[in-house]
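The values are calculated or read from the model by the stated rules, or taken from the named source; none is laboratory data. On a predicted model such as this, the values are computed, not experimentally measured, just so you know. Positions of Cβ are generated from backbone atoms using ideal geometry, with glycine treated the same way; all protein chains shown enter the neighbour counts. Side chains included, ligands, DNA and RNA excluded: accessible areas come from the protein's heavy atoms. Shrake-Rupley method; radii C 1.70, N 1.55, O 1.52, S 1.80 Å.
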Amino acid sequence: LKASRRGAAALYSAEHELRLRSGHAVEAALQTADLAAEMEVHLQPIVQAAADAPTVISVEALARWTSPTLGRVRPDVFIPVAERTGMIHRLTTTLFGKSLAALETLPDTIRLSFNLSAHDLTNPKTVLGLLSAIRRSSVAPSRIIFELTETAVMRDFAIAEASIRLLRAPGVSFALDDFGTGHSSLNYLHRLPIDAIKIDRSFVTGVADEAGRTLLAAILALSRSMKLACVAEGVEDASQLAALRDLGFDTFQGYHFAMPMPPAQFLASLPASADK
Ligand code: C2E
Ligand code: CA
Ligand code: CA
Ligand code: CA
């Protein structure tokens, strides 16, 4: 027993060491990264599918990093590192620039959702930078949606709220992301000037059972009574889609419809009539 405990401890510390090192490696690679060259955004469609022919109403921009030393690194790995090391301002600025460039190539009927990090809303430099990028861009501000989580707002509610109001002034919308996960809670729903909620995939998975459906129906009713749009995230198969539709959902995002993809590929996937 002692030996196996020692073995487990050694294994744990080796794993821990590896984690630390890879965190450090991510940090080092990010610090020297040529963000403009190494970062891309992929686009994942958000569809309105009340009837049988789904229409793409917007796309979510998702960060993709290919590091020359580490290869592909996932955003849920490098975004927290960028936040921790003070690089998030530069990263957000780069990614938003690329997202706007992609949006310019899309038909006017399609909007773009951009993820703001927890630190973005409380950094005046970032907020003003986003505003001026929107002003410089040729796209209508009403085509831009910022997604934020509760963490973003919790850091400093008053500042976050002021930033949201500032960004909304030209006509940009806001969505509360990962709704229901504890990163986004009911507490903020009535206090924030937002337009939509995105229901986290963990709830969408729950559509398979009765208790999960009850919860989803309640969230949908809540969003309707507050006049908020409601997107079901992470829809992976036809049976989930059918069950969500039965509950009254009509806006979806997930692998069942499309994976995140490079902007050119997304553009090529659109029906010819939707071309610009
Ligand atoms: P998120 O904002 O909740 O984005 C949705 C994530 O779910 C994406 O992961 C997407 O690829 C994935 N997804 C979409 N449909 C499905 C599905 O049907 N099944 C499953 N299992 N997953 C699905 P991704 O691209 O790895 O991004 C992870 C997280 O990283 C995002 O979660 C977001 O919090 C953050 N992130 C991504 N891009 C950015 C960015 O440009 N800025 C900031 N601040 N955060 C970003
Ligand atoms: Ca999101
Ligand atoms: Ca989400
Ligand atoms: Ca998330």
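What to note about this one:
- Spatially close lysines, pair count over the chain: Cα under 30 Å, gap of eight or more or interchain: 6
- Span-rule helices in the chain, defined as complete DSSP H runs reaching 20 Å or more along the axis (Cα) with Kyte mean at least 0.5: 210-225
- Rel. contact order, % - alpha carbon contacts under 8 angstrom, at least six apart, the chain: 18 percent
- Heavy-atom accessible area order for GLU236, GLU38, largest first, 1.4 Å probe: GLU236, GLU38
- Of the whole protein surface, ILE46 contributes about 10 Å² of accessible area at a 1.4 Å probe radius.
- The range 31-132: relative contact order in percent, alpha carbon pairs under 8 Å with at least 6 residues between: 27 percent
- Sequence ranges 198-206, 239-247, ranked by mean other-Cβ count within 10 angstrom, highest first: 198-206, 239-247
- Rotationally averaged projected area of the range 127-183 (alpha carbon convex hull; nm²): 3.9 nm²
- Normalised contact order of the range 58-117, rounded percent, pairs of Cα under 8 Å and 6 or more residues apart: 48 percent
- The spacing between the range 66-110 and the range 130-175, judged by their C-alpha centroids, is 17 Å.
- Only Lys, Arg (+1) and Asp, Glu (-1) charged, at Cβ; the range 143-251 dipole about Cα centre in debye: 500 debye
- Using only the C-alpha atoms, the convex hull of the range 37-111 corresponds to 114 Å³ per residue.
- Here the chain exposes an accessible surface that is 58 percent carbon and sulfur, computed with a 1.4 Å probe and the other protein chains kept in place.
- Every Cα-Cα pair in the chain was counted, and those over 34 Å apart are 24% of them.
- Of the whole protein surface, MET226 contributes about 70 Å² of accessible area at a 1.4 Å probe radius.
- Estimated [θ] at 222 nm from DSSP helical runs (n ≥ 4, -39500 (n - 2.57)) normalised by residues in the chain, nearest 500: -14500 deg cm²/dmol
- Rounded accessible area per residue of the range 77-206, 1.4 Å, Å²: 40 Å²
- The range 86-181 - Rg and Dmax from Cα coordinates, angstrom: 12.7, 37
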